[in-house]
Every structure is written in structure tokens, then in C-alpha cells.
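> Have a look at the structure that comes next, please.
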Amino acid sequence: LSPLFTTGVLAGRRVLITGGPTYEAIDPVRGLTNRSSGKMGYALARAAHEAGAEVCLVSGPTCLTTPAGVRRVDVQSATEMREAVLRELPANVFIAVAAVADYRVEAAAPQKIKKSGGGLTLTLVANPDILAEVAARPDAPFCVGFAAETERLAEHAEAKRRQKKLPLLVGNLAPDTLGADAAELVLFDDDGAHRLPRADKLEQARALIRHIASHLN
Ligand code: CTP
Ligand code: CA
């Protein structure tokens, strides 16, 4: 077939994306969360759809509109995000953009906790690492991680890529990119580091999707 008839670099591929923060309840009206607007995950979902993929976006709480053509599954906690991701597998590509809370409150209170004058001690337990779990499966998709670091980006990013056994990890320096419309990204893969200079997140997402597609082919 002529390449003129190909609809996009990800045509026929299933792409699963996590985006936004997670929210871990302390009681019915309070919780722990991470800083994440969801903009990068949503931009990637849009770019993957434009590239012809079937896209599922598992999203923590955000104020954003679902991109056209994208199927969105809403979740709150890391535990719910993990369950939704496992239900949506298999996929060809998994892009973990979500800022997943590393800890949750061991036992959320069923009623609003009343202040008592003194302090409050919460017991936190570790959340599952969704990306590491997906990457370790025998039917693992092509897995892409995101890492927002506040210092020594290359060192932390390469360590994370090795630990989670990822072909590709995208690094950025927080807090510059948090909530912003633009981002400077660095892609870490077996070929080394590749810098994407500061640009609009949709433009970055499109470049990243092209990069991922080149890895698949
Ligand atoms: N991630 C995940 N599940 C978690 C924690 C992180 O899927 N419970 C994913 C994120 O979506 C991101 C990548 O792992 O793609 C890196 O997240 P990050 O928080 O930077 O790494 P951690 O391994 O949690 O290390 P730390 O927070 O200590 O830097
Ligand atoms: Ca973390």
C-alpha cells in the first residue's frame, strides 16, 4: 500500500496513558495529593489520537476537557488508578504521566476528623508502583515514564529508567513545568539524552509521540 494511505504513525496501535494527580483520602473531606495539572497527559492523549492510535486516558482529578476521540476513565486514588490500568491492558504503548501519590493513609477515617487542639499524626503506607508493575509484565507494552525532578535530572532520570526497566523516560525540572502551558523535556533512552527545548506542551507531546513511534517501528 502507498504510504499516502497511512493515517498516522500510531495507526492500529492501542495507547494507554495515565495523567493528572492522584487523591488519597484522609477523611471524607480531606486528602493528600501531588501537584499536577494534567496538561501534559491530556496533550499526549490528544497527540496519540491525532497519530491514529486508539487512546485510553486514565485520569486523576483535573479541570481539563477530554480530548476529542479519547476514552477517559476517571479515578481518584493510586489504588483505583492501578486497577483501571490493569483492566485496560493489553496495549502497545503505556505512557505514565500521572503524578501518583507514593503513599496513602493506612486507614481513611469514615467521618470528618474533628480538630482537638493538638497535632494530628497520620500513618502512611506505600502505594503500588503502577509503571514498574506494568513494565515487569510478560506482555508489557512499550513503557514510557515521566520524572519531574528538582535537581540532578540526568542522574535521577537514568536511575529510574534502569530501576523500572523502561526503554524511554522523559525528564523535566520541577517546579518550572508544573501547571505551565510549556515545558522543556529531556528524553532518556538507550541512545542517551535528547533535549526538547522549551515549547508548548501540545507541541512537545506531538514530538514525543513521533519519538515513541520511531521506537516501535
Ligand atoms: N509512577 C507510577 N506509580 C507510582 C509512582 C510513580 O506509575 N506509584 C510512575 C509515574 O507516573 C512516572 C514514573 O513512575 O511515570 C516516575 O514517577 P516518580 O514519582 O518520578 O518516581 P518514583 O519512582 O515514585 O520516585 P520518587 O518519587 O522517589 O522520585
Ligand atoms: Ca513518586
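> Pulled fully out, how much extra length does the chain show between Asp102 and Arg137, if you take 0.36 nm times their separation in residues and subtract their Cα-Cα distance?
Full-extension gain reported as 10.5 nm.
> Let me ask something else. Calculate I(q)/I(0) for the chain by the Debye formula, one identical point scatterer on each C-alpha and no solvent, and give its log10 at q = 0.07, 0.14, 0.18 Å⁻¹ to two decimals.
Calculated log10 I(q)/I(0) at the listed q: -0.22, -0.84, -1.34.
> Between the DSSP loop rule and a limit of at most 13 other Cβ atoms within 10 Å, which trypsin sites (Lys or Arg not before Pro) in segment 1-97 are left?
Arg35
> Something else about it: May I ask for the Rg/Rh ratio of segment 19-74, computed from Cα atoms with Rh as the Kirkwood radius, given to two decimals? Don't skip to the end; give the middle numbers.
Details: Rg = 12.8 Å, Rh = 12.0 Å.
When Rh is taken as the Kirkwood radius, the ratio is 1.06.
> While we're on this one: Can you send over the carbon and sulfur percentage of the accessible area for segment 1-75, probe radius 1.4 Å, protein chains only? Walk me through the intermediate numbers first.
Details: 2110 of 3630 Å².
Reported share for carbon and sulfur atoms: 58 percent.
> State the dimensionless ratio Rg/Rh of segment 111-217 (Rg: radius of gyration of Cα atoms; Rh: Kirkwood radius).
1.11
> Of the residues Val93, Val73, Val58, which exhibits the maximal mean-square fluctuation in a Gaussian network model of the chain defined by a 10 Å Cα contact cut-off?
Checking each option, the largest mean-square fluctuation is seen for Val73.
> Among Thr79, Thr62, Thr123, which one shows the highest mean-square fluctuation when the chain is modelled as a Gaussian network with alpha-carbon springs under 10 Å?
Thr123
> Efficiency by 1/(1 + (r/R0)^6): what FRET value for Leu86 and Lys115, r their Cβ-Cβ distance, R0 = 41 Å, to the nearest 0.05?
0.60
> Taking square-rooted eigenvalues a ≥ b ≥ c of the alpha carbon gyration tensor, is segment 160-215 rounded, prolate or oblate, where a/c under 1.5 means rounded and, failing that, a/b exceeding b/c means prolate?
The shape class here is oblate.
> Also: Please give the per residue accessible area of segment 129-193, computed with a probe of 1.4 Å over protein heavy atoms only, in Å².
Averaged over the residues of segment 129-193, the accessible area is 49 Å².
> Using a cut-off of 11 Å between beta-carbons, work out the net charge of the residues near Thr62 (Lys and Arg +1, Asp and Glu -1, Thr62 not included). Before the final figure, lay out each step's value.
Values: positive: Lys39, Arg72; negative: Asp74.
Taking every other residue near Thr62 into account, the sum is +1.
> To continue, here is another question. If exposed GluC sites (Glu not before Pro) are those in a DSSP loop with at most 13 other Cβ within 10 Å, what is the longest stretch of the chain that has none? Walk me through the numbers before you get to the answer.
Working: sites that count: Glu106, Glu151.
The answer is 1-105.
> Here's a follow-up. Students often get this wrong: which residues of segment 111-151 have the backbone nitrogen under 16 Å from the point 7 angstrom along Cα-to-C-beta of Asp27?
Within reach of a label on Asp27, which here means backbone N under 16 Å from a point 7 Å along Cα→Cβ, segment 111-151 contributes 111-123.
The values are calculated or read from the model by the stated rules, or taken from the named source; none is laboratory data. Keep in mind that what you see is a predicted model, and the values were worked out from it rather than measured. Every residue, glycine among them, receives a Cβ derived from its backbone with ideal geometry; neighbour counts consider all protein chains shown. Protein only, heavy atoms only, side chains kept; ligands, DNA and RNA dropped before computing areas. Shrake-Rupley method; radii C 1.70, N 1.55, O 1.52, S 1.80 Å.
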